[in-house]
1. Using only the alpha carbons of the stretch 186-244, determine the length spanned along each of the three principal axes and report them from longest to shortest in whole angstroms.
2. For a quick check of understanding: with a 1.4 angstrom probe and all protein chains in place, what accessible area in square angstrom does Lys293 have, to the nearest ten?
3. Which residues' amide hydrogens lie under 5 Å from the amide hydrogen of Lys215, considering only partners 5 or more residues apart or on another chain, with H built in the peptide plane?
Amino acid sequence: MNVQSFLITFREAFEAILIVGIIMTYLKRIGQTQWNKWVWVGVVLALAASYGVALVFQTVLTGFATMGSQNYLKIGIMLVSCVLLSHMVLFMGEQSRSMQGKLENKISAILTVGGVLNMILHSFLVVVREGVETVFFFAAITGGDIQKALQSWGALIGLIAALIVGYLFFKGTRKIQLKTFFRITSVFLMMIAGGLLVQAVGIMQDIGIMGTVYKTAGGEVGEIYNLTAIMPEHPLDETQHIRDTGEQPLISGQVGIFFKAFLGYTQNPSVEEFVLYWAFYLVIIVMQGLQKKRHEKLQSAQSLTGA
């Protein structure tokens, strides 16, 4: 259980640290650190909400009898987080092409309009999603005794490791130019957002909210390929694969579960998961391309006016 607690805490905490860190580093780079306090407000509120979910689950709910309710909550948070992260990717991409002139003043004006709520909402949803997922995962590995997982050394070491890795990551980005920083972090955010979308789709299909165009002979959601022999998406899938085939997968399910949480990796995706995952990237890239063309036209018009 300690190893599982470590992996769960590390991946959930690191993802939250990565996104919140990107927001705060971004604000620092553009000289708008006065918004940092509102980011922290969102983080504190999210931690309180996550603790509340853990408390309710521990004292009121009974194990997996309420898994349906948990899934509805997870789906909602995942989809909203996906939309917000996608918006942030596009916003950062727009600003990375507007490095000249009064960038700080432009962004300050944008942030002023609903800026407080925007900062709080972004940071709150990022952290509360990770917190709620951690509660659910801990409930799964302990049979509902969340306190047992929270008190394990694995959870503590996982949190410390995530903080260290996050610190080293952002320390390394201090020497990177703002435009390059935008590009690098936008890729991270886009992958996380895409992962959230495909995970939400997978859960909706599992509980019957969303159908599929491809079903098996037994009427279940069909898979377009299966990579379990290469990398299972969860240790339980690894155990089942070994039991069924007598062979070890190429990559451990402990690695697969990390990629599942961080990037939305799926060992046997449905048609909808596969199509929507790559369609998401295509839409973001197309929208970024349109932003670039619009920026180039604006620059051209400004050059003609100046001439």
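The values are calculated or read from the model by the stated rules, or taken from the named source; none is laboratory data. Fair warning: this is a prediction, and the values are worked out from it, not measured in the lab. The protein model used for the area step is the full one, side chains on, heavy atoms only, and it has no ligands, DNA or RNA in it. Shrake-Rupley method; radii C 1.70, N 1.55, O 1.52, S 1.80 Å.
1. The principal-axis extents, from largest down, are 40, 28, 18 Å.
2. 130 Å²
3. Gly222
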